[in-house]
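Q: The structure follows.
The values are calculated or read from the model by the stated rules, or taken from the named source; none is laboratory data. Computed from a predicted structure; not experimentally measured. Heads up, the Cβs are rebuilt from the backbone with ideal geometry, glycines too, and the neighbour counts pull from every protein chain shown. Note: areas computed on protein heavy atoms with side chains; ligands, DNA, RNA excluded. Shrake-Rupley method; radii C 1.70, N 1.55, O 1.52, S 1.80 Å.
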Amino acid sequence: MKNKKKILFLGTRIETLNLLNISFDVTKIITIKNSHIEKSNYDCIIINKKNKEIIFKKLINCKEQILISAGFPYYIPINLINKFKLALNCHPGKLPKYKGYYSIDDAIKNNEIYIYSTIHYLNQKFDSGKKIFETKINRKKLSENELKKTLFSVIEPFALFQALQKIKMI
């Protein structure tokens, strides 16, 4: 069997992590306290405001070639991003219109019909890297909880899979 590429996963979205584990070797997982990932059987490191700088410094020496961020609440330093052959972010919003943590809430407040999942390269600016793949879901017949569950459990993993295929990683 071919050697699987090693991934550093930063985030909270367990469905995206589960998808990555099919085709890759996710060797390091950084998440926040009380996330679904922490509550699962995954071996993970818990990050918070107090320890994030220490964890980021330690990650500079990690052996993984790929960084995937999905639901990660902190800015990732550019020196860490640049260390990887590939660094991607899974963002639940249409970029560049809806950047940041509250992209879904902002789109709903603006009465958008579609909510997007965008996969983009990480760079020094928050949610500003070149888009690789974008897909959308019609939110009109879904409650907010149904929308978020569908977006994170189905749409985002699908978008990431499509992006990885597009850049020939799988």
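Q: Helix 156-166 versus the longest principal axis of the chain: what is the Cα-based angle in degrees, 0 to 90, to the nearest 10?
A: 60
Q: Report the one residue of Val26, Ile155, His91 whose Cα lies farthest in the direction of the positive end of the charge dipole of the chain (charges on C-beta: Lys and Arg +1, Asp and Glu -1; origin at the Cα centre).
A: Val26
Q: Once R0 is set to 22 Å, what does the formula 1/(1 + (r/R0)^6) return for the Cβ-Cβ distance between Ile54 and Lys125, expressed as a FRET efficiency to the nearest 0.05?
A: So the FRET efficiency works out to roughly 0.35.
Q: In addition: How far is the Cα center of segment 1-66 from the Cα center of segment 107-135, in Å?
A: Cα centroid to Cα centroid, the span is 22 Å.
Q: When DSSP beta bridges are limited to those with both residues in the chain, what percentage is antiparallel, rounded to the nearest 5?
A: Of the beta bridges lying entirely in the chain, close to 40 percent run antiparallel.
Q: Then there's this: Helix 14-23 versus the longest principal axis of the chain: what is the Cα-based angle in degrees, 0 to 90, to the nearest 10?
A: Approximately 60 degrees, to the nearest ten.
Q: Given springs between every Cα pair under 10 Å in a Gaussian network model of the chain, which of Leu151, Leu19, Leu88 has the largest fluctuation?
A: Leu19
Q: Same structure again: In nm, to one decimal, how far is the Ile167 label point from the Asn82 one, both placed 7 Å along Cα→Cβ?
A: Modelled inter-label distance: 1.8 nm.
Q: Given the -39500 (n - 2.57) contribution per DSSP H run of 4+ residues, what per-residue ellipticity at 222 nm results for the chain, rounded to the nearest 500 deg cm²/dmol?
A: -7500 deg cm²/dmol
Q: Which value in nm describes the separation of the simple spin-label points at Leu142 and Ile108, placed 7 Å from the Cα toward the beta carbon?
A: 1.1
Q: Also, quick follow-up: Between Ile30, Ile66, Ile45, which gets the highest mean-square fluctuation from a Gaussian network model of the chain, Cα cutoff 10 Å?
A: In this elastic network of the chain, the residue with the biggest mean-square fluctuation among Ile30, Ile66, Ile45 is Ile45.
Q: Let me ask something else about it. Which residue, Leu142, Leu95, Leu86, has the most motion in a Gaussian network model of the chain that connects Cα atoms within less than 10 Å?
A: Largest GNM mean-square fluctuation: Leu142.
Q: What does the accessible area per residue of segment 90-156 come to in Å², with a 1.4 Å probe and no ligands, DNA or RNA counted?
A: 58
Q: Express the carbon and sulfur contribution to the solvent-accessible surface of the chain as a percent, rounded to the nearest whole number, probe 1.4 angstrom.
A: Accessible surface attributable to carbon and sulfur in the chain totals 52 percent.
Q: Any idea what the dipole of the chain comes to, in debye rounded to 20, about its Cα centre with Lys/Arg Cβ at +1 and Asp/Glu Cβ at -1?
A: In debye, rounded to 20, the chain gives about 440.
Q: Another one. What Kirkwood Rh does the chain have if only Cα atoms enter the pairwise 1/r average? Answer in Å.
A: 16.3
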